[in-house]
Amino acid sequence: MAYTIAITGKGGTGKTTLTGLLIRYLADAGKGPILAVDADANANLNEVLGVPVEKTLGELRENIVNAEFDPNSPIAPTTTKQDYLNAAFADAITEEDDYDLLVMGRTQGKGCYCFVNGLLQAHLTKYANNYKYVVVDNEAGMEHLSRGILPGVDLILIVSDCSRRGIQAAARIEELTRELKMKVADGVKLIVNRAPDGALDPGIEEEIQKHNLTLAGVIPQDPLVYEYDTAGKPTSELPEDSKAKTALVKLLEERKLL
């Protein structure tokens, strides 16, 4: 079974950038094969990785749900929904040399998606067995995890900025995992991102302790992340000596998270 890592956090914390760097670390360390999953409704992991995406699972799901009512449906009347998904699922996976990328995409229409979600769950579970690691970039609500569409999770990393409100948001996400009764083998851990000089203010440390969050590490503010982003360069390709990349690698290796 693949080791599944879910990265989550409220928007604007640099969650997706760290997800890309984590995928790049695993690939460079020869820990593949890796399946990268973009499960954020605001999907942009492919931009961080520098990978074009042509099809999402959300589109396949919509095609299946609307097949009976759409005269332009790509599903032929003689084709079952199961057969369509069998044929189309592989097309939604973008294959790279070091990893594969799957974009979940958001649901646009109304109606019951239980049957389709069941099909997706079966396919994802089957595909996940072909990888050593599955790295999932989630939104804070963790919709796909809470609905059981994605495989079980071994480690959850919550990314926060270095503000009290950010830590409070991280605490709510951690509480959500408990409410969902998620079985997370290696626990739920906090990463504080974009900290000035890589250090936490005593007030932030106090807030972390107040909510009983397990701090995995701190990533410093890195001007190169901004430079790469504004230049349209994939931030997963930051140089080895960049502050963010160096700190993340040190965190992963010293804490033996993987």
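Of the residues contained in the range 49-60, none is found to be more than 27 Å from MET1 (Cα to Cα) and among the aliphatic types (A, V, I, L, M). When restricted to residues that are among the polar types (S, T, N, Q) and touching a residue at least 24 places away in the same chain (Cβ under 8 Å), the range 187-229 contains 3.
For the range 188-258, give me every one of the helices (runs of 4 or more DSSP H) that falls completely inside it and has 2 or more residues that are under 23 Å from GLU175 (Cα atoms) and β-branched (Val, Ile, Thr).
Qualifying helices (runs of 4 or more DSSP H): 202-210.
Condition (residue is out of contact with any Asp or Glu (no Cβ under 9 Å at 6 or more places or on another chain), surrounded by 18 or more Cβ atoms within 10 Å (Cβ to Cβ), among the basic types (Lys, Arg) and at pLDDT 95 or above) applied to the range 245-255: is it met by at least one residue? Looking for residues that are out of contact with any Asp or Glu (no Cβ under 9 Å at 6 or more places or on another chain), surrounded by 18 or more Cβ atoms within 10 Å (Cβ to Cβ), among the basic types (Lys, Arg) and at pLDDT 95 or above, one finds none in the range 245-255, hence no. Just one of the numbered conditions (1) out of contact with any strand residue (DSSP E or B) (no Cβ under 7 Å at 6 or more places or on another chain); (2) assigned to a helix (DSSP H, G or I) is not true of LYS183: (2). Only one entry in GLU143, GLU205, GLU175, GLU179 is over 21 Å from the mean Cα position of the chain (by Cα) and surrounded by fewer than 18 Cβ atoms within 10 Å (Cβ to Cβ), namely GLU205.
Taking the conditions exactly as written (in a loop (DSSP other than H, G, I, E, B) and over 30 Å from ALA244 (Cα atoms)), does ALA88 satisfy them or not? So ALA88 does not fit the description; no. Considering every residue within the range 230-246, establish whether at least one is in contact (Cβ under 8 Å) with a residue 40 or more places away in the chain and more than 20 Å from ASN46 (Cβ to Cβ). Yes, the range 230-246 has at least one match. No other residue among VAL65, VAL37 is at pLDDT 85 or above and hydrophobic (A, V, I, L, M, F, W, C) apart from VAL37.
The values are calculated or read from the model by the stated rules, or taken from the named source; none is laboratory data. Bear in mind the structure is a predicted one, so any value in this text is a computation, not a measurement. Methodologically, a virtual Cβ is constructed for each residue, glycine included, from the backbone with ideal geometry; neighbour enumeration extends over all protein chains shown.
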